[in-house]
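Take a look at the structure below.
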């Protein structure tokens, strides 16, 4: 039995976010950022559902450079679903994530790494 598409999407966003943080900033900073999010009421399992809030918290903590994390995370999610990255750095990235989620559910898409263990903790 295949997992729920919405749950898989949220897990994929959370995993991509953690991977982007670790690749860009290292494991220690990833853990610190996840702790900052937790302090602000965003658990690691809620990153996808509260992505707008995640970005607000990152912007408050790290300024405009947090936009790079947002862009790279969403681009990685698009890659996971084998979708063309047809948006730029200054596009409305929250909307792009919502559009992808809708397409995933409508077209019953699964990510390339479906079923991988969650690495965000």
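Our helix-only sum for the chain, with -39,500 (n - 2.57) per DSSP H run of n ≥ 4 divided by its residues, gives a mean residue ellipticity at 222 nm of -20500 deg cm²/dmol.
Between residue 5 and residue 38, take the C-beta separation as r, use R0 = 25 Å, and let me know the FRET efficiency to the nearest 0.05. Intermediate values should be presented prior to the final figure.
Numbers: r = 26 Å, r/R0 = 1.06.
In this case the efficiency is close to 0.40.
Residue separation of residue 82 and residue 112 scaled by 0.36 nm, minus their Cα-Cα distance, works out to 10.0 nm of gained length.
Converting the Cα gyration tensor eigenvalues of the chain into ellipsoid dimensions via √(5λ) gives semi-axes, longest first, of 22, 17, 13 Å.
If a paramagnetic tag sat 7 Å from the Cα of residue 64 along the Cα-Cβ line, which residues of region 32-46 would have the backbone N under 13 Å from that point? Hits in region 32-46 for residue 64 at 13 Å: none.
A short reminder: the numbers here are calculations on the coordinates, not readings from a lab. The model shown is predicted, which means the values in this text are computed figures rather than measured ones. Cβ sites come from the backbone with ideal geometry, for glycine too, and all protein chains shown count toward neighbours.
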